[in-house]
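The values are calculated or read from the model by the stated rules, or taken from the named source; none is laboratory data. Only a predicted model underlies this, so the values are computations on that prediction, with no experimental measurement involved. Because the Cβ atoms are built from the backbone with ideal geometry, glycine has one as well, and the counts that use them run over all protein chains shown. Accessible surface areas use protein heavy atoms only, side chains included; no ligands, DNA or RNA. Shrake-Rupley method; radii C 1.70, N 1.55, O 1.52, S 1.80 Å.
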Amino acid sequence: MLLFEEERTPVRFDLPDAAVTYYPSFFTHEKADELFSFLLEKTAWQQDDIVVFGKSHPQPRLTALYGNEGKPYAYSNIVMQPNAWTPALMFIKDAVEQVCSDRFTTVLLNLYRDGRDSNGWHADNERELGRDPLIASVSLGAERMFHLRHNHDTSKTLKIRLAHGSLLIMGGTTQHFWKHQIPKTALPMGPRINLTFRILK
C-alpha cells in the first residue's frame with residue numbers, strides 16, 4: 001500500500017514577507033485515515049485554561065505536546081511538558097522532514113472536536129522558536145478553513161481549505177508579518193487533528 005502520494009506537487013503562494021507552501025495530498029487517503037484513527041484514540045489529549053481579558057476559560061480545543069526530552073513549550077501563558085515521541089509521530093515527522101530542510105524537536109497536536117472548536121488570530125513567534133521559525137502543519141480528519149492575514153496591510157489575506165492528509169509549511173519571515181487562525185464554523189463538522197512540527201532552540 002502506498003503511504004505517500006507519488007506526485008507530491010506543492011502549491012507555493014505569492015505572499016509578501018512570507019514563505020508558504022501547501023501539499024494538498026501529502027499522505028494517501030488510506031494512510032491519512034489510519035493515522036487519524038490512531039492519533040484520535042491514542043494521543044494524551046488535555047484541555048488547558050487560557051486567560052482572556054482577565055478571565056479564565058477552557059481552551060476551545062484539546063492539545064498534546066510530544067518531543068525531545070527537556071524541551072517544554074510555552075504559549076499564551078500555558079507551559080506544556082513534552083510526552084516522549086511515539087512510533088506513529090516519528091513516522092509522520094520523518095515524512096515531513098523529507099520535504100523540509102531541518103529536523104524538528106517538537107510537535108504540538110490540536111484536536112478540533114467540531115466546528116465550535118477554534119484557534120484565534122496568532123503567530124507562532126515564541127522566543128524559543130528562534131528568529132525565523134519553520135512550522136510544518138499536517139491536517140487529518142475534517143477539512144477546516146485556515147486564514148492568513150498580514151499584520152500591516154489587512155487587505156492582504158489568504159484562505160486555504162486544509163485537506164485530509166495535507167501538509168502546510170510556513171517559513172522565512174511569515175511569523176513576523178502574518179497571523180493565522182482556524183475560525184469557528186456553524187456548519188456540521190467532524191473532528192480534525194492538526195500536528196504542528198516545530199524546532200525549539
Rounded to the nearest 10 Å², the accessible area of R149 using a 1.4 Å probe with every protein chain kept is 80 Å²
Using a Förster radius of 41 Å, what is the FRET efficiency between A186 and T86 based on their Cβ-Cβ separation? Nearest 0.05, please.
0.75
For R161 and N77, extending 7 Å from Cα along the Cα-Cβ vector and measuring point to point gives, in nm, a value of 3.8 nm
For the range 61-76, take each phi angle, set θ = phi - 60°, evaluate the Karplus expression 6.51 cos²θ - 1.76 cosθ + 1.60, and give the result in whole Hz per residue in order, putting x for glycine and proline.
4, 9, 9, 7, 10, 10, x, 5, 4, x, 10, x, 10, 10, 7, 6
With the radius of gyration and the Kirkwood radius both derived from the Cα set of the range 88-201, what is their ratio Rg to Rh?
0.96
Taking only protein heavy atoms and a 1.4 Å probe, the highest-to-lowest accessible-area order of E30, E41 is E41, E30
Rounded to the nearest 500, what is the chain's calculated 222 nm mean residue ellipticity when only DSSP H runs of at least 4 contribute -39500 (n - 2.57) each, over all residues?
-4000 deg cm²/dmol
Semi-axes a, b, c in Å (a largest) for the range 1-107, each sqrt of 5 times a Cα gyration tensor eigenvalue, come to 28, 20, 15
Selected from Y75, Y112, Y22 as most flexible by GNM, with the chain as the system and alpha-carbon contacts under 10 Å
Y75
Starting from the 7 Å offset along Cα-to-Cβ, what nm value, one decimal, do you get for the label separation of T21 and R8?
0.9 nm
Sum of side-chain charges, A142 neighbourhood, beta-carbon under 15 Å (Lys, Arg +1; Asp, Glu -1)
+3
Using the per-residue mean of other Cβ atoms lying within 10 Å as a proxy for protection, in what order, highest first, do the peptides 120-126, 189-195, 179-185 fall?
189-195, 179-185, 120-126
Under the Karplus relation 6.51 cos²θ - 1.76 cosθ + 1.60, θ = phi - 60°, what is the ordered set of whole-Hz ³J(HN,Hα) values for the range 13-30, x standing for Gly and Pro?
8, 8, 10, x, 6, 8, 9, 10, 10, 10, 10, x, 10, 7, 9, 5, 4, 5
Which lysines does K159 reach when only Cα atoms under 28 Å apart count, and residues fewer than 8 places away in its own chain are ignored?
K31, K93, K179, K184
So if each residue of separation counts as 0.36 nm, and I subtract the Cα-Cα distance between W45 and E69, what length gain in nm does that give?
6.8 nm
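By how many nm would the segment from D114 to H147 grow when fully extended, if each residue of separation counts as 0.36 nm and the alpha-carbon distance is taken off?
So the extension gain works out to 10.1 nm.
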Under the rule of at least 5 residues apart or a separate chain, name every residue whose amide H is placed under 5 Å from the amide H of N83.
L65, Y66, G67
Quote the accessible area belonging to H57 in square angstrom, nearest 10, computed with a 1.4 Å probe and with ligands, DNA and RNA left uncounted.
80 Å²
What whole-number volume per residue, in cubic angstrom, does the convex hull of the C-alpha atoms of the range 129-178 give?
70 Å³
Karplus ³J(HN,Hα) for the range 151-165 (6.51 cos²θ - 1.76 cosθ + 1.60, θ = phi - 60°; Hz, whole; x = Gly/Pro) runs 5, 9, 9, 6, 6, 8, 9, 8, 10, 10, 8, 7, 7, 4, x
Please give the contour-minus-distance gain from D94 to S37: 0.36 nm per residue of separation, less the Cα-Cα distance, rounded to one decimal in nm.
18.6 nm
Amide H neighbours of W178 under 5 Å, counting only residues 5+ apart in sequence or on other chains, H built in-plane at 1.01 Å?
N151
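Ranked by accessible surface with a 1.4 Å probe, highest first, in what order do E143, E97, E128 come? All intermediate terms of the calculation are to be shown ahead of the outcome.
Values: E143 80, E97 15, E128 55 Å².
These residues rank, largest area first, as E143, E128, E97.
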